[in-house]
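Below you will find the structure I want to go over with you.
The values are calculated or read from the model by the stated rules, or taken from the named source; none is laboratory data. For clarity, every value in this text was computed on a predicted model and none was experimentally measured. Cβ placement follows ideal geometry from the backbone for every residue including glycine, while neighbour counts extend to all protein chains displayed.
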Amino acid sequence: MLRVNLDSARTRATGVVYADAVGREFEQPAEMVVLAAYGMNNVHLMLISGIGEPYDPAGGRGVVGRNYAYQVMSSVNLFFENQVFNPFMGSGGLGEVIDDFNGDNFDHSGLGFISGGYIIAGQTGARPIQNHPVPDGTPKWGGQWKRAVAQWYNRSMAIGTHGSVMSHRANYLDLDPTYKDAWGRPLLRLTFDHHDNDLRLSNHLTGVAEKIGRSMNPTHVSVNRPQHPYSIVPYQTSHNTGGAIMGDDPRTSAVNRYLQSWDVPNVFVLGASAFPQNAGYNPTGTVGALTYWSVEAIKRDYLKNPGPLVQAQAQADRK
Ligand SMILES: Cc1cc2nc3c(=O)[nH]c(=O)nc-3n(C[C@H](O)[C@H](O)[C@H](O)COP(=O)(O)OP(=O)(O)OC[C@H]3O[C@@H](n4cnc5c(N)ncnc54)[C@H](O)[C@@H]3O)c2cc1C
């Protein structure tokens, strides 16, 4: 699907435009449109289609693209001369998680940050090309590096931390002014960096993970903290949230509590795009729960009486 078509008042979707496998474009008329294309793609489609006011970080106005948030990762790699972990074996759920440092599960007094994250030692089946940790100080290439990879691949494990990121006015999604896709549509642009809360939070979690790791008496310990300034290049996590957040006020949210667009009420936007902040948990369970919640409201109320499911005073004031 390439875009949603709106009526001339831009308050009602009339259908969508999609392309087939050989690039022919078709219009599919629709009474109702559900965007469920992954959070960032939802925001892209909204911006391209003109659904809701784009966020302007300079003035703080607008809602589509605001509250983008990511998660903050770190790890402590432990190398043991006399332990063998067989990291090539594993499964998605094999591991131990400490949740004591997530959300409000601990006393934050004096720590200088809010929220938290989880600490995990998991063994998901480490592919040798993806996973070949070596102790700090090992050359990055050449014979010495190869020997270190062979020596430590089987004798290392990691304790990871996976922390929350609070939304920040400087982190947002918008349309790229330069780059376009094959359809001539501007690409989605991500503007993001970690801010103090993320870094303090991550330092705290990493300190706990390091303490646990050192108590196991490894031969070497390497601590990998989040990059600052942030770099998108190394894979960190696929947990992107925000950009079309749910809320009570159309001045600060793109969709209402049922994930219905405030501006174009026959469009519903499902996904982690609705999260106002990014919690220190993986998002998909909540994405699923919100989807059930929204679909229930569509079935129960919207189909019987298509129109806004929430009347917000601020929406009326704005018009
Ligand atoms: C490597 C990896 C590991 C992950 N691990 C975890 C994990 O451990 N725990 C966790 O909670 N989450 C995890 N996630 C995140 C999880 O996959 C997402 O949160 C989840 O898939 C989001 O669901 P969604 O329905 O919003 O989007 P998706 O599952 O991405 O579904 C969107 C669908 O829309 C389609 N689509 C996109 N654009 C268009 C368009 N323009 N027109 C028509 N169709 C379109 C896509 O093809 C796709 O089928 C992981 C993701 C990755 C990539």
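Among the residues of segment 110-127 satisfying the criterion of being in a loop (DSSP other than H, G, I, E, B) and in contact with a strand residue (DSSP E or B) (Cβ under 8 Å, 6 or more places away or on another chain), which is nearest to Ser156 (Cα to Cα)?
For segment 110-127, the residue satisfying everything is Ala126.
I'd like the residue in segment 150-189 that is among the hydrophobic types (A, V, I, L, M, F, W, C) and surrounded by fewer than 14 Cβ atoms within 10 Å (Cβ to Cβ) and, out of all such residues, is farthest from the chain's Cα centre (by Cα).
Out of the qualifying residues, it is Ala150.
Would you mind finding the one in Gly59, Gly52 that is touching a residue at least 60 places away in the same chain (Cβ under 8 Å) and of a type in the set (Gly, Ala, Ser)?
It is Gly52.
Oh, and also: From Met89, Met73, Met32, grab the single residue that is surrounded by fewer than 17 Cβ atoms within 10 Å (Cβ to Cβ) and in contact with a Pro (Cβ under 8 Å, 6 or more places away or on another chain).
Met32
Could you pull out every one of the strands (runs of 3 or more DSSP E) wholly within segment 131-211 that has 1 or more residues that are among the β-branched types (Val, Ile, Thr), modelled with pLDDT of 95 or more and more than 22 Å from Tyr235 (Cα to Cα)?
172-180
Which one is nearest to Tyr70 (Cα to Cα) among residues in segment 206-265 that are free of Cβ contacts under 8 Å to residues at least 12 places away in the same chain and of a type in the set (D, E, K, R)?
Within segment 206-265, the match that is nearest to Tyr70 (Cα to Cα) is Lys211.
Residue check: is Asp7 surrounded by fewer than 13 Cβ atoms within 10 Å (Cβ to Cβ), assigned by TED's automatic domain parsing to the domain that holds Gly288 and within 13 Å of the ligand (Cβ to nearest atom)?
Criteria not met by Asp7.
Residue-wise test of (1) within 24 Å of Asp7 (Cβ to Cβ); (2) within 14 Å of the ligand (Cβ to nearest atom).
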position: Pro229; (1), (2): no, no
position: Val233; (1), (2): no, no
position: Thr237; (1), (2): no, yes
position: Gly247; (1), (2): no, no
position: Ser253; (1), (2): yes, no
position: Trp262; (1), (2): yes, no
position: Phe275; (1), (2): no, yes
position: Ala279; (1), (2): no, yes
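So Asp248 clears everything in (1) buried (at least 21 other Cβ atoms within 10 Å of the Cβ); (2) more than 21 Å from Leu45 (Cα to Cα) except one condition, right? Which one?
Failed condition: (1).
Here is a further query. Scan the strands (runs of 3 or more DSSP E) fully inside segment 33-109 and keep the ones with 1 or more residues being over 25 Å from Gly207 (Cβ atoms), over 22 Å from the mean Cα position of the chain (by Cα) and assigned by TED's automatic domain parsing to the domain that holds Leu199.
90-98
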